[in-house]
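The values are calculated or read from the model by the stated rules, or taken from the named source; none is laboratory data. Remember, it's a predicted structure, so these values are computed and weren't measured experimentally. Cβ placement follows ideal geometry from the backbone for every residue including glycine, while neighbour counts extend to all protein chains displayed. Surface areas here come from the heavy atoms of the whole protein model, side chains and all, with no ligands, DNA or RNA. Shrake-Rupley method; radii C 1.70, N 1.55, O 1.52, S 1.80 Å.
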Amino acid sequence: MESGEKENEEVTGTLFAELLLPVPVARHFTYRVPATWNDRIRVGQRCIVPFGQRKILTGIVVNIHSHPPQEYEAKYLLDILDEHEILTPVQFKLFNWMAAYYMCAPGEVLQAALPAGLKLSSESMVQIHPSFSLDESDFSFSDKELMVLKHLENEPASYSDIAKLLGVKSIYSILKSLTSKEAVLIYESVRERYHPKTEKRIRLMPDYLTKSALEKLFEVVSTKPKQETVILKYLQAVPVFQDAKSNDQGVARKALLDEDVSESSLQTLIRNGILEEFEKIVPRFGFADSIAPPLLLSEQQEQARNRILEALDKTGAALLQGVTGSGKTEIYIDLIRRALDGGSQVLYLLPEIALTTQIVLRLQRVFGSTMGVYHSKFSDNERVEVWNGVLNGTFRFVVGVRSAVFLPFDNLGLIIVDEEHDPSYKQHDPAPRYHARDVARMIGQFHSAKVLMGTATPSCETYYQAVTGKIGHILLSERFGEASLPEIVFADLSRERKQKSMKGEFSSRLLKEIKDTLSSNNQVILFQNRRGHSPLVQCQDCGWIPKCINCSVSLTYHQYRHAMVCHYCGYREALPQQCTECSSARILTLGYGTEKLEEEIKLHFPEANTARMDLDTTRNRSSYESIIGDFEQGKTNILVGTQMVTKGLDFGNVSLVGIFDADRMMHYPDFRSYERAFQLMLQVSGRAGRREKKGKVVIQTSQPQHPLFGYVSTQRVTEFLNDQLDDRRTHSYPPFTRLIEITLRHMDRSLCYQAAQQLSAGIQKQVKGTTLLGPTEPMISKIRNEYVQSILLKIPRDQGRLSDIKGILQASAERLAQTKEFRNVRVVFDVDPV
C-alpha cells in the first residue's frame, strides 16, 4: 500500500502485510495474511505473492497492520519463506535512500540487492490433462508425442526434462500439438533457487560404540579382510573411544574411500546395519582458521595508521593517498583486525573481481574462516551462503565488489573502499545506477561506521573533500621496504614512424626493453585498454566499414572467435571475404586490441610464454585465478591486458610495463578523460619494480611533450589534481556541481528527438539556477536498435534544492509518458554519471 493511501477501517483479527516487490513501481503492495500465519509473519521476511494475472514474485515484508487497502481487494500471501528476517532495518533505510537519491523505485533497489538464489523462480511444468486417457492405438499422436505422454503418466515434467527426454532443443511445436489435442496442461511451478551444499558422511551405528561390541564385530569380520579394512580406517579417522561424541560427526565418505578401501565392502557394512550413511550441510567456503602471524608495520605505516585512526574519530571518513607499492594493504589488515577485535563487522570493497583473487588468498591467511567473499563470479548458492553467513554471524568480515554494499550487516564498524577512484564502482545498467563508494559513505552514516578510502590516484571529488577538510587526508609518499618508484620514459611514435623503426604496433625502444627484461629473467606487463584483435575492418578500395545492425558502432574483429563482434549488444558476423559495397577482396583489419598485441609479441619473442587478461579470457572464475597464478609463479613471462592489469595486483618479478595507445586514452571526448588517462597510466606503472629492483615504464605516444605526460613521468599526483580542480571550477563540473544525465531511448529516431526536445523545454521552464545541455545525440547514437538522445543537467553544489529538482525531473518524465505519441519513449535518469 502506498504511503498516504486512504485505508478502510481496521478489520478485527485480520492482518495485512505491505510488501516491497522487485518491480519498477514506486509503491508497496498490500496482501492479506492467512489467519494461521499471524504468529509467523515478521517484517524483513520473504513471502511468495501473486502479482497480476499469472506472475508469482518474491517480496519482502515492510509493514504489518490490520487496515485493508481501499482501491483493490487484497490477495492472500501464498507462502512465507523464512523463519527469521533476512533484511535488517538499516537495509530498508538504505534502499529508500538509494531510490530517492538515484531516482529509481525501491523495488529496483531490492532487485539489485537480493542475490538471485534468494528469489524464487517459476518454471513451466507439463502434466497429463485430467480428462485425458492414453490410447496407444490412437494414430493421431506422433512417436515423440507418445513418448512424452508415457513419461507424464508417472509424474509431471519440466520443459527442460522433456527436451532432454526427446533429445531435442525445441519442444514447443510438440507441446502446442499436445495442448491442442487436450492431452496435456502447462502450469507454473515455483521453486527455491538456493540449495545448501551437502556432504555424504559415514558413522558407526550406536550399537557398536562400546569396546565389547566392537570386539564382537571384529570377530565377525575377521574372515572378511576388506570389510575389516573399512572399519579400521574409520576408527583411525574417528577416535570413538577417546571421544564418543565424535561419532556423531563421522567422516566424509570420500575421505574414507581410497585405494585401500573397497566401495562394495562399505556398501555391505551399511546394508548390514554396522555403518550408516547420512548427509550433512557444509559451507561452500572452506577457509581454514588463520595461520599468519600478526603483521609488523614499518615506522611509516604505523604513523599513517595512527593518523588514520585520528582522522576517522574526527570526521568519520578518510582518504589514504599512498603511492603504488607503499603498503596500504598491510595498514588495511591492521585496521580490520582492530575492528574485529572490538566486536564489529568489516566490509572491504574492491572494484574488480580480478583483484579479489590475490587479495583473498592474502587475507584468508590472516582472517581464516571469519571471512566471506562476495562477487558476481560466484554461484547463486555461494552468494546466498555469504548473505546468510553475515546474518548469522559466521562471516564478520566480507571482501567484495560493489554489490557487497547490499549485504545485511547489523554491526558494521569499518568500511574500506580500496582503489576508490575506479569507475567500476559505478553501476550503469539496470537501475539503481549507484556508485558503491558514495553508497558506502551513506552506509557508514547509518551504522555509525568509519569509512576509509584508499588509492594512489584519488578521484577529483574525493581529493577535493580531503583538501577542504570534510574528510581526513593521510599521505604515504614512499614505497614499502627497499622498493623505489619506477622510471617512466617515452617512445616517440612520430619519430619512429618517420625513421621506419616501428615493427607492427611496437616501437624499437619498447622491443629493446622487453628483450633486456626477458634476458634478465624478469617479467613484462603490456597494457592496451582495448580488447579484441582489431577495432576496425575496412575495404581498402571504397572505404566501407562493417557496422552493427543494432547499434551505431563499427564491429570489432576477434580473431579467436573468427568473427566481428559488437561490444554493445553482442551482435556478430563472420569476417567478410569481400566488400558488400564494391565486391573488392581487399579487406583489411585496422588498429589493434589486446588480442593483436598478444599475436605480435609471440612473433617477436616466440620463446617467451605469453598470456592475455581481458574480458574475453576471464569469463569464468577459475580463469582469473589461473592467469594470475601462472604469472605470479613465473610460468608466464609476458602478460598482455586491459585495465584489469592496472588494479592493485602485486607481482614481485615485474620490472617492465609497456603502455599502448596513450593518446587515445587522454583525448576521449569526456571531461574526465585526462583524469582517467592519468590514473590508468600511473596505476599500471605501479606494477613495475615493487621489490628491490627498480622498474621501468615505456609509454608509446605521438605527443611526448604533452603536459599530462609531464605529470605522469614525475608522478606529481597532487599538482595534477589541483590543476584539474582549477579547470573544473572554471567550467562548472564536479566536484563544484552535481550532474544528472537524462537519456531518452526509442526505436524511432525522429520521435526520440521530439520527445527529448519537449522534455528539455519543460525542464528549462521549471528548473532555475542550473545549466541544461542538450538534447544531443551521443557519440554512439543507437544501441540495441534504440536511438538515443542525451540531456545533461548541471546543478551548483550550493543550490540546496537537489531533492526538489529531482522531483521536477521525475514529474516531467511522467507527463511525457502520458503524452500518447511519447508513451513508449524510455526515460532513464543517471545521477552522478561517470
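When each of the peptides 572-584, 672-684, 412-424, 21-33 is scored by how many other beta carbons lie within 10 Å of its residues on average, the order from highest to lowest is 412-424, 672-684, 21-33, 572-584.
When the chain is described by a simple charge dipole with +1 on each Lys and Arg Cβ and -1 on each Asp and Glu Cβ, the residue from 569, 800, 579 located farthest towards its positive end is 579. The GluC sites (Glu not before Pro) of region 82-134 that meet both conditions, a loop assignment by DSSP and at most 12 other Cβ atoms within 10 Å of the site Cβ, are 83.
Sequence-ordered 3J(HN,Hα) estimates for region 321-327 from the Karplus curve with 6.51, -1.76 and 1.60 and θ = phi - 60° stand at 9, x, 4, 4, x, 7, x Hz, glycine and proline given as x. Using the Karplus relation 6.51 cos²θ - 1.76 cosθ + 1.60 with θ = phi - 60°, the per-residue 3J(HN,Hα) values for region 387-401 come to 4, 5, x, 5, 4, 8, x, 5, 10, 8, 9, 10, 9, x, 8 Hz, with x marking Gly and Pro.
Annotation: peptides 754-760, 782-788, ranked by per-residue average of other Cβ atoms within 10 Å with the highest first, follow the order 754-760, 782-788. In the distance distribution for region 525-606, Cα-Cα pairs more than 18 Å apart total 44 percent.
For region 473-544, with all protein chains present and a 1.4 Å probe, just round the carbon and sulfur fraction of the accessible area to a whole percent.
The nonpolar share, carbon plus sulfur, comes to 44 percent.
Split the accessible area of region 743-823 by element, probe 1.4 Å, and carbon with sulfur accounts for 47%. Taking 21 Å as the straight-line reach from the Cα of residue 164, the lysines in range (excluding those fewer than 8 positions away in the same chain) are 144, 150, 176.
The protection proxy used here, the mean number of other Cβ atoms lying within 10 Å of each residue, ranks peptides 721-734, 365-378 as follows, highest first: 365-378, 721-734. To the nearest 0.05, how large is the calculated FRET efficiency for residue 722 and residue 158 if R₀ is 56 Å and r is the Cβ-Cβ distance? About 0.35, to the nearest 0.05. If you plug the beta carbon distance of residue 277 and residue 139 into 1/(1 + (r/R0)^6) with R0 = 41 Å, you get a FRET efficiency near 0.25. Solvent-accessible surface of region 532-682, taken per residue with a 1.4 Å probe and all protein chains present: 42 Å².
For the chain, adding -39500 (n - 2.57) for each run of n ≥ 4 DSSP H residues and dividing by the number of residues yields -10500 deg cm²/dmol at 222 nm.
Which of 647/693; 503/782; 55/119 have a Cα-Cα distance over 25 Å? Violating the 25 Å limit, Cα to Cα: 503/782.
The orientation-averaged shadow of the Cα convex hull for region 733-834, equal to a quarter of the hull surface, comes to 6.2 nm².
Annotation: amide H-H contacts under 5 Å for residue 567 (H modelled 1.01 Å from N, sequence separation of 5 or more, or interchain): 556. Converting phi to 3J(HN,Hα) with the Karplus coefficients 6.51, -1.76 and 1.60 and the offset θ = phi - 60°, region 414-424 yields 8, 10, 10, 10, 7, 6, 4, 6, 6, x, 5 Hz in sequence order, with x at every glycine or proline. Remark: region 753-834 carries 52 Å² of accessible area per residue (probe radius 1.4 Å; ligands, DNA and RNA excluded). Two decimals is fine: what is log10 I(q)/I(0) at q = 0.13, 0.21, 0.26, 0.28 Å⁻¹ for region 334-375, from a Debye sum with one equal scatterer on every Cα and no solvent? Result of the Debye calculation: -0.28, -0.71, -1.03, -1.14.
The chain gives an Rg/Rh value of 1.00, both radii derived from C-alpha positions and Rh following Kirkwood. For region 328-374, a crude dipole built from +1 on the beta carbon of Lys and Arg and -1 on the beta carbon of Asp and Glu, taken about the Cα centre, is about 80 debye to the nearest 20.
Basic side chains Lys and Arg get +1 at the Cβ, acidic Asp and Glu get -1 at the Cβ, and with that the dipole of the chain about its Cα centre reaches some 1840 debye. Taking amide H positions as modeled 1.01 Å from N, with prolines and chain starts lacking one, the residues under 5 Å from residue 416 and 5 or more places away or on another chain are 347, 348, 349, 452.
Volume per residue of the convex hull around the Cα atoms, evaluated for region 490-549, comes out as 135 Å³. Taking the Cα centre of region 79-178 as origin and assigning +1 to Lys and Arg Cβ atoms and -1 to Asp and Glu Cβ atoms, the resulting dipole is close to 520 debye.
Of the three principal axes defined by the Cα atoms of region 594-726, the extents in descending order read 46, 35, 30 Å.
Database remark: amide H of residue 612 closer than 5 angstrom to the amide H of 640 (H placed geometrically; neighbours at sequence offset of 5 or more, or on other chains; Pro and chain starts carry no H). Measuring r between the beta carbons of residue 798 and residue 574 and using R0 = 60 Å, the FRET efficiency lands at 0.60. If the cut-off is a Cα-Cα distance under 18 Å, which aspartates and glutamates reach residue 200, setting aside same-chain residues fewer than 8 apart in sequence? Qualifying aspartates and glutamates at Cα under 18 Å: 248, 258, 263, 276, 277, 279.
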